Amino acid sequence: MKSPDFFDVGQFPKATFTSTGIAPAGTPNTFTVTGNLTLHGVTKAISFPTSVVLTDRDLKANSEFSINRKDFGLVYPGMPDDLIRDEVVIKLTISAPKGA
């Protein structure tokens, strides 16, 4: 996955996400996060759901969503009958101290 055939981490060692908005998603503690994801040298606007829990000490956020790898220039064709899919699942678990 790290090879030049796929993520090419030698040339693109970082993926970044810059949030441009967070909006309530209609159920308690659930939000839609919107922003710009840069992956493999390509930047695309994305949105994804996240659940947020705020305590006296910290904020915890969890999310699971998919992106299409081909939207980011990851066009490795794979082999017949292999397990490479166009959709890549991203799972986020964030914990931040309150006031950070």
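Annotations for the structure displayed:
- The calculated Kirkwood hydrodynamic radius for region 37-100 is 14.1 Å, given to one decimal from all distinct C-alpha pairs.
- Within the shell of other residues whose beta carbon sits under 13 angstrom from the beta carbon of residue 39, the net charge comes to +2, with Lys and Arg scored +1 and Asp and Glu -1.
- Across the chain, Cα pairs under 8 Å and at least six residues apart give a relative contact order of 21 percent.
- One chain, two ends: residue 54 and residue 25. Fully extended at 0.36 nm per residue, the span grows by 8.8 nm beyond their Cα-Cα distance.
- Alpha-carbon gyration tensor eigenvalues x 5, square-rooted, for region 1-76, Å: 29, 13, 10
- Taking trypsin sites (Lys or Arg not before Pro) in DSSP loop states with no more than 10 other Cβ atoms inside 10 Å as exposed sites, the chain has its longest site-free stretch at 15-56.
- Net charge, residue 93 excluded, C-beta distance under 13 Å - Lys, Arg +1, Asp, Glu -1: 0
- For region 11-100, lysine pairs with C-alpha atoms less than 17 angstrom apart, excluding pairs fewer than eight positions apart on the same chain, total 5.
Bear in mind these aren't lab numbers, they're just calculated from the coordinates by the rules spelled out. Just so we're clear, the structure is a prediction, and the values are computed from it rather than from any experiment. No Cβ is skipped: glycine too gets one built from the backbone with ideal geometry, and neighbour counts run over all protein chains shown.
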